[in-house]
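The block underneath contains the structure these notes are about, expressed in structure tokens.
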Amino acid sequence: MALKILGTGSALPEKIVTNDDLAQVVDTSDEWIRSRTGIEARHLSTGETTTELSVRASRLALEMAGVDAETIDLIIVGTVSPDTYFPSTACCVQAAIGAVNAVAFDINAACSGFMFGMEIAASYFSKGSAKRALIIGAEVLSRVMDWTDRGTCVLFGDGAGAAIVESREDGLWELVQGSDGAKGEALICKNRPIQNPYYKEADKVDYTHMDGQAVFKFAVRTVPAAIKQAMEKAGVEDGDVKYYLLHQANIRIIESVAKRLTGGDSLEKFPTILQKCGNISAGSVPILLDYANREGMLSEGDKIVMAGFGAGLTWAAAVMEF
Ligand code: COA
């Protein structure tokens, strides 16, 4: 059982915030952010919600696929920054696009969310419970940032990416995934505080905290190993791969993964959008996929690798035929 991508879409908030703009808000500089991460700017919400961005991306994906929303059996949204605890973002998207026949739910696998969603769709397809799915990765991370912490707020952006995928008998879908909850503290954002007459602790609102070096080490060790395993399972070698579409966290992580996989310094097979978007967690991979697709970089039958990694800690690497 394999997955076929019928269409892709993405949506970014209108407001672009450059590194120089951020230097007006926290003690940082374009030079520091650019040299440590490769990021030059990011799109930040001035009111756009996770649901709105998801709906915009989904409509574009449906349009490209040329299918009606009623034919979608399954909607999965990977997000760590939903607008509401409930209903799920996926149910809100379902209502907005009129996908009345779909089962819809969210998953929290942070930056691996889109990949985990694709694997869930593959399982539904294998069981015969769905034939066509809408998989979305969407974030308004600016909601969960501490805008006084220069160590984190400069790294992230907002946006959504979506793909319509269908079950197919031939083709390729191999995924390797993992989680390491014991290292979860390395990238954490606590829930809203409990405030009721029975709760004794003086809780306060909390935002994202990150041990940047721990996350960096985790990424450069785990991601190439997972990609290699997925490629082995698929019987695919570097020469067969058209593009590696990696989670867009940091250019130095991508360079390091590229070196470990291909032995060279060239990033030709590793397209990037982080320069203009920053890290959009679950949104990164599907937005990059849509970018590559709309730029005409992908043709039917091309073998691509996609990989996500992040909070949890979680990771996933997949090989598929476009
Ligand atoms: N601007 C200017 N200085 C900054 C800064 C900023 N935005 N953020 C941190 N600094 C400072 C620190 O305060 C520290 O100063 P000090 O030496 O006076 O204490 C110095 O820069 C070095 O900080 P450090 O955190 O050690 O930097 P680093 O070289 O590890 O780079 C990251 C930080 C976040 C760029 C890097 O660790 C990283 O990319 N990690 C991976 C993060 C990631 O991708 N997370 C998402 C995964 S999904």
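The values are calculated or read from the model by the stated rules, or taken from the named source; none is laboratory data. Here the structure is a predicted model, which is why all the values come from computation and not from measurement. For neighbour counting, all protein chains shown are included, and Cβ atoms are generated from backbone atoms with ideal geometry for every residue, glycine included. Accessible surface is based on the protein model in full, side chains and every heavy atom, while ligands, DNA and RNA are left aside. Shrake-Rupley method; radii C 1.70, N 1.55, O 1.52, S 1.80 Å.
Within the group GLU70, GLU48, which residue is acidic (Asp, Glu), in contact (Cβ under 8 Å) with a residue 40 or more places away in the chain and either open to solvent by 10 Å² or more (accessible area, probe 1.4 Å) or part of a loop (DSSP other than H, G, I, E, B) (or both)?
Exactly one of GLU70, GLU48 is acidic (Asp, Glu), in contact (Cβ under 8 Å) with a residue 40 or more places away in the chain and either open to solvent by 10 Å² or more (accessible area, probe 1.4 Å) or part of a loop (DSSP other than H, G, I, E, B) (or both), namely GLU48.
Scanning for something among the hydrophobic types (A, V, I, L, M, F, W, C), open to solvent by 50 Å² or more (accessible area, probe 1.4 Å) and touching a residue at least 12 places away in the same chain (Cβ under 8 Å), does the stretch 147-161 turn up at least one residue?
Yes, some residue in the stretch 147-161 is among the hydrophobic types (A, V, I, L, M, F, W, C), open to solvent by 50 Å² or more (accessible area, probe 1.4 Å) and touching a residue at least 12 places away in the same chain (Cβ under 8 Å).
Which residue out of LYS200, LYS228 is under 27 Å from TYR291 (Cα atoms), open to solvent by 90 Å² or more (accessible area, probe 1.4 Å) and away from the ligand (no atom under 16 Å from the Cβ)?
The conditions single out LYS228.
Restricted to the stretch 258-281, and to residues that are in a helix (DSSP H, G or I) and either in contact with an Asp or Glu (Cβ under 6 Å, 6 or more places away or on another chain) or of a type in the set (D, E, K, R) (or both), which residue is nearest to the ligand (Cβ to nearest atom)?
That would be SER281.
Sort out which residues of the stretch 229-250 are in contact with a Lys or Arg (Cβ under 9 Å, 6 or more places away or on another chain) and closer than 28 Å to LEU53 by Cα, and write them in order of number.
Result: TYR243, TYR244, ASN250.
Given (1) more than 13 Å from the ligand (Cβ to nearest atom); (2) outside the structural domain of TRP315 (by TED's automatic domain parsing); (3) in contact (Cβ under 8 Å) with a residue 40 or more places away in the chain; (4) open to solvent by 10 Å² or more (accessible area, probe 1.4 Å), identify the lone condition not met by SER179.
(2)
So, ARG294, is that one out of contact with any Asp or Glu (no Cβ under 9 Å at 6 or more places or on another chain), touching a residue at least 24 places away in the same chain (Cβ under 8 Å) and more than 15 Å from the ligand (Cβ to nearest atom) or not?
So ARG294 fits the description; yes.
Collect the residues in the stretch 76-115 that are small (Gly, Ala, Ser) and either at pLDDT below 95 or within 27 Å of THR222 (Cβ to Cβ) (or both), keeping them in residue-number order.
The answer is GLY78, SER81, ALA109, ALA110, SER112, GLY113.
Give the number of residues within the stretch 5-27 that are open to solvent by 30 Å² or more (accessible area, probe 1.4 Å) and either within 9 Å of the ligand (Cβ to nearest atom) or out of contact with any Phe, Trp or Tyr (no Cβ under 9 Å at 6 or more places or on another chain) (or both).
The qualifying residues number 11.
Out of everything in the stretch 203-212 that is farther than 15 Å from PHE309 by Cβ and without any contact (Cβ under 8 Å) to a residue 40 or more places away in the chain, what residue ends up being farthest from the ligand (Cβ to nearest atom)?
Checking each candidate, the answer is ASP203.
All but one of (1) open to solvent by 70 Å² or more (accessible area, probe 1.4 Å); (2) of a type outside the set (Gly, Ala, Ser); (3) at pLDDT 95 or above hold for VAL205; which doesn't?
So VAL205 meets the others, but not (3).
Which residue out of ALA186, ALA130, ALA104, ALA162 is within 21 Å of SER45 (Cβ to Cβ) and in contact with a helix residue (DSSP H, G or I) (Cβ under 8 Å, 6 or more places away or on another chain)?
ALA162
Here is a list of conditions, (1) of a type outside the set (S, T, N, Q); (2) assigned to a strand (DSSP E or B); (3) not assigned by TED's automatic domain parsing to the domain that holds ARG56, and TYR199 meets all of them except one; can you say which number that is?
(2)
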